[in-house]
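The numbers here are math on the coordinates, done by the rules we state, and not lab data. Given the structure is predicted, the values throughout are model-derived calculations rather than measurements. Note that we place each Cβ from the backbone using ideal geometry, even for glycine, and neighbour counts take in every protein chain shown.
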Amino acid sequence: MSLLLINAGNTRTVMARGTAVDGRLLTAPERLDERLSVGDLQELADCIVGLRREGELVGLTSVVPAVTDTLKAAIPDLRSVDHTWELPFGVAIRGTETVGADRWCNMAAAVQAGLRDALVVDAGTATTIDVLHDGVFVGGLIAPGMAFAARKLQEEAARLWPVAFAPRPLRPGRDTDEALAIGAYQVGILGVIGAVEGLLAEYSTARVILTGGLASYLQRPDWMVDPDWTLRGLAALLA
């Protein structure tokens, strides 16, 4: 079965095409475009309609209601993930209607990969850390994304200015520019790593999976990085 997969986040929309059997992607998804802004909704819809092949199943995971509504109007048979779907894992959290579709997909990808215990870190505009324990989605953490948090500080503070979020050695900054750059990177990275390690103290058998645009910055020897993780979960839920 050919799938056109759409992952609409707060900053960018990623599209991919894959082939799936019983919800398992047979190969890594073919990325079609990961630079599309969610700003021009009609352009996004027209792009997806143009890319769709005849008979192709189109699936969407979206955390942006305006994107969801626009794509549903443009593609009547679109399948958009939400809390009402039949899920391949138990759910032990409250307020399921408020849970982002990407989080359902990330848990579904863990189950599809044969995991019953997993910590999935999705590092983008927001950082989410979700916990699958004994096959049950027990909850997670949501925090400002590492680059987003640094940017907001620099926007709101009267005497600070923007710096690029990029790897910096952990040492005292010798001036304000260097202190901003090192602090944004090191405090952001170490904060997320510290939270994951704290959760691992309780969920010691969990496999750690990193995904999202900033995932590679968090890599550790025993942690897996998979930029297609959410797309794999979407494919699994479409089965």
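Miscellaneous remarks
- log₁₀ of I(q)/I(0) at q = 0.13, 0.18, 0.21, 0.24 Å⁻¹ - the range 83-153, Debye sum with one point per alpha carbon: -0.38, -0.67, -0.85, -1.04
- Its alpha carbons considered, the chain gives a radius of gyration followed by a Dmax of 18.5, 59 Å.
- Karplus-derived 3J(HN,Hα), 6.51/-1.76/1.60, for each residue of the range 168-184, Hz, glycine and proline x: 9, x, 7, 7, x, x, 7, 8, 5, 4, 5, 4, 4, 5, 5, x, 4
- Between helix 65-74 and the chain: long-axis angle, C-alpha atoms, 0 to 90°, nearest 10: 30
- Distant-in-sequence amide contacts of VAL91, defined by a placed amide H-H separation under 5 Å and a gap of 5 or more residues or a different chain, comprise PHE137.
- Sites excluded, trypsin sites (Lys or Arg not before Pro) in DSSP loops with at most 10 other C-beta within 10 Å, longest stretch of the chain: 175-239
- In sequence order, the range 218-224 has phi-based couplings of 9, 4, 10, x, 9, 9, 9 Hz under the Karplus curve 6.51 cos²θ - 1.76 cosθ + 1.60, θ = phi - 60°, and Gly or Pro positions carry x.
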